[in-house]
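The values are calculated or read from the model by the stated rules, or taken from the named source; none is laboratory data. Quick caveat, the model's predicted, so the values are computed rather than measured. Quick reminder, even Gly has a Cβ in these numbers, built from the backbone with ideal geometry, and neighbours come from all protein chains shown.
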Amino acid sequence: MLKLHHLRVGRSVFTIWLLEELGAAYEMDFYDRNEAGRAPPELKKAHPLGKSPVIEDDGFVLAESGAIALYLLDKFDSENKLGPPTDDIKAKAEWMQWLMYSEASAFAPMLIKLLLSRTDPKPPVFDGFAAGEVALQLGYLEDRLEGREFVMGDRFSVPDIGATYIAQMAQRLGEIEPYPNLQAYLARNMARPAWQRAMEKTGG
Ligand SMILES: N[C@@H](CCC(=O)N[C@@H](CS)C(=O)NCC(=O)O)C(=O)O
């Protein structure tokens, strides 16, 4: 059976959410962060980077949320409920852009902001960069969600999982307040039964 290596608390819960959306059969190994908030060394037995999520499927090991998501779609989404549009290469490319966006452009400024929240005094160069970039990325998502229920329109699909991760980070960092579309989007996605099941299975 497919196994997910899940580090508490972190982005692998979003892979669990996808597995739940897909109705996939899977098992989990759980890991807890150390006092410094880092992954324990045992996770390196699953994958050399020692990060989570990592999946194992019949001896095949795969890291990176986006790549894992595409593999899970190929394996479990035969009706293409959560995958890209298939009849228009531009719509498909746009879907890919949103899939990659959360781990690429959006994540780095959020991580800098998170690290700064644990730093005192804050180096002005980093502080200024993070403030501007977080506003740029969250403003971009906010504009994208104007008149749209999900990032690709009226259909929930895999890029919404990463975008929800960014929205949740924004909320945890106290940055979401100026963005009403993003707040409503986060609430809407976290009300989904599959998200609720992921919360129950991981303890939140
Ligand atoms: N780009 C990777 C990032 C993986 C990653 O950094 N995961 C974090 C959890 S949110 C982690 O394992 N951190 C533990 C550490 O670096 O010690 C992905 O999308 O899966």
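Things to note:
One line per residue, one yes/no per condition, for (1) under 26 Å from residue 194 (Cα atoms); (2) not acidic (Asp, Glu):
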site	(1), (2)
13	yes, yes
22	yes, yes
27	yes, no
30	yes, yes
42	no, no
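- Residue check, residue 9 touching a helix residue (DSSP H, G or I) at 6+ places or on another chain (Cβ under 6 Å) and within 11 Å of the ligand (Cβ to nearest atom): no
- Cβ separations smaller than 7 Å between residues 6+ apart or across chains give the following pairs from the stretch 167-179 residues that are touching a residue at least 60 places away in the same chain (Cβ under 8 Å) to residues that are surrounded by fewer than 16 Cβ atoms within 10 Å (Cβ to Cβ) and of a type in the set (S, T, N, Q): 173/117.
- Residue 4 on the phi < 0 side of the Ramachandran plot and surrounded by 13 or more Cβ atoms within 10 Å (Cβ to Cβ): yes
- Selection within the stretch 28-43 - more than 10 Å from the ligand (Cβ to nearest atom) and outside any loop (DSSP other than H, G, I, E, B): 28, 29, 30, 32
- Flag for residue 77 being in the same structural domain as residue 38 (by TED's automatic domain parsing), acidic (Asp, Glu) and surrounded by 13 or more Cβ atoms within 10 Å (Cβ to Cβ): yes
- Qualifying residue in the stretch 147-155 (condition: in a helix (DSSP H, G or I) and touching a residue at least 12 places away in the same chain (Cβ under 8 Å)): no
- Any chance residue 75 is more than 16 Å from the ligand (Cβ to nearest atom), charged (D, E, K, R), part of a helix (DSSP H, G or I) and more than 21 Å from residue 164 (Cβ to Cβ): yes
- Of the residues making up the stretch 44-61, those that are away from the ligand (no atom under 12 Å from the Cβ) and over 10 Å from residue 5 (Cα atoms) are 45, 48, 57, 58, 59, 60, 61.
- Answer from 198, 130, 194 - the residue that is outside any loop (DSSP other than H, G, I, E, B) and touching a Gly at 6+ places or on another chain (Cβ under 9 Å): 194
- Residue match in the stretch 87-96 (condition: in contact with a Phe, Trp or Tyr (Cβ under 8 Å, 6 or more places away or on another chain) and away from the ligand (no atom under 13 Å from the Cβ)): no
- Residues of the stretch 80-106 satisfying the condition of being among the small types (Gly, Ala, Ser), surrounded by fewer than 19 Cβ atoms within 10 Å (Cβ to Cβ) and farther than 12 Å from residue 157 by Cβ: 93, 104, 105
- Just so you know, in the stretch 113-153 the residues that are of a type in the set (Val, Ile, Thr) and modelled with pLDDT of 95 or more include one that is farthest from residue 175 (Cα to Cα), and it is 151.
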